[in-house]
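What follows is a short report on a single structure.
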Amino acid sequence: MIRKDYLVTKAQLIARCAFCDRTKFLEDRILLETDNFYVLAGLGPICEGYVIIATKEHVQCYGEMNPVNEAEFLRLKQKTTTALISAYGDYQLYEHGKNGVCFTDGPGTKHCYHAHLNCVPTSVNLQPMLSARFQSIPVGSMQDIRASCAYSDGYLYYENREDALIFPVSERLPGQFLRRLFCEALGEPDRVDYLANPNYPLIWATKQRLGDALGEGCERGASVGAAPGRDH
């Protein structure tokens, strides 16, 4: 939920958004593009293979994504996780529902309010830590995410090969909350600040390793693979 003391128009959000304006990220970072989504090599990678699935439409989070685009998103997510397993052996996915990276909302805090799913190719599993701190709700479909989004101020979404969980969050979490936890768990605390440490060599290594698997140069409307078994 956008704070009432910091209301801005949708046009202002889009103008300042790191995902809406393609000039704000290098076209070379786009590994796959479909009608409604990008797969991007993330700026300041947490580790090699770190990619982001972002919507083209400016929606606050995946819980507010148009259901018409759900099947396309799920196919793309399946293709991405399959590529990560093939290249790196495992993956962890997360989203800060209604939180992100593009404009300041107070001292030292950044928020974006544009749906983007972070994909980290690692076996480091933060789920037990999150479950110890927050209430967890199993996710069986995108409808579960939409419901949580509708009835909570924000949420954390977390998925790996064993579980898909959503954690409703009412407290004000610090910016880059899960990114910070991953960087610390991987022994790379300097990578928390992706602007100060964009790490382009690691971006290009990601592109080289995942480009073919994700269908580099894929045009809009192209197939992105079969529908996944789990619809989340």
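Some points to look at:
- When the stretch 1-55 is filtered for residues that are of a type in the set (Lys, Arg) and at pLDDT below 70, the ones remaining, listed by number, are Arg3, Lys4, Lys10, Arg16, Arg22, Lys24.
- When restricted to residues that are more than 22 Å from Ser141 (Cβ to Cβ), out of contact with any His (no Cβ under 9 Å at 6 or more places or on another chain) and at pLDDT below 90, the stretch 80-110 contains 5.
- Test: residue in the stretch 59-79 that is of a type in the set (Gly, Ala, Ser), surrounded by 19 or more Cβ atoms within 10 Å (Cβ to Cβ) and either at pLDDT below 95 or not in a helix (DSSP H, G or I) (or both): yes
- Residue list for the stretch 168-182, restricted to those being surrounded by fewer than 21 Cβ atoms within 10 Å (Cβ to Cβ) and either of a type in the set (Lys, Arg) or at pLDDT below 95 (or both): Pro168, Ser170, Glu171, Arg172, Leu173, Pro174, Gly175, Gln176, Phe177, Arg180
- Scan of the stretch 153-176 for residues that are over 20 Å from Asn125 (Cβ atoms) and touching a residue at least 40 places away in the same chain (Cβ under 8 Å), ordered by number: Asp153, Gly154, Pro174, Gly175
- The stretch 191-227, residues that are modelled with pLDDT of 90 or more and in contact with a helix residue (DSSP H, G or I) (Cβ under 6 Å, 6 or more places away or on another chain): Arg191, Val192, Asn197, Arg209, Leu210
- For the stretch 105-203, the strands (runs of 3 or more DSSP E) that sit wholly inside it and include 1 or more residues that are within 16 Å of Gly42 (Cα to Cα) and either in contact with a Gly (Cβ under 8 Å, 6 or more places away or on another chain) or of a type outside the set (Asp, Glu) (or both) are 116-120.
- All conditions in (1) buried (at least 18 other Cβ atoms within 10 Å of the Cβ); (2) in contact with a Leu (Cβ under 7 Å, 6 or more places away or on another chain) hold for Tyr157, with the sole exception of (2).
The values are calculated or read from the model by the stated rules, or taken from the named source; none is laboratory data. Here the structure is a predicted model, which means the values were calculated and not measured. Cβ sites come from the backbone with ideal geometry, for glycine too, and all protein chains shown count toward neighbours.
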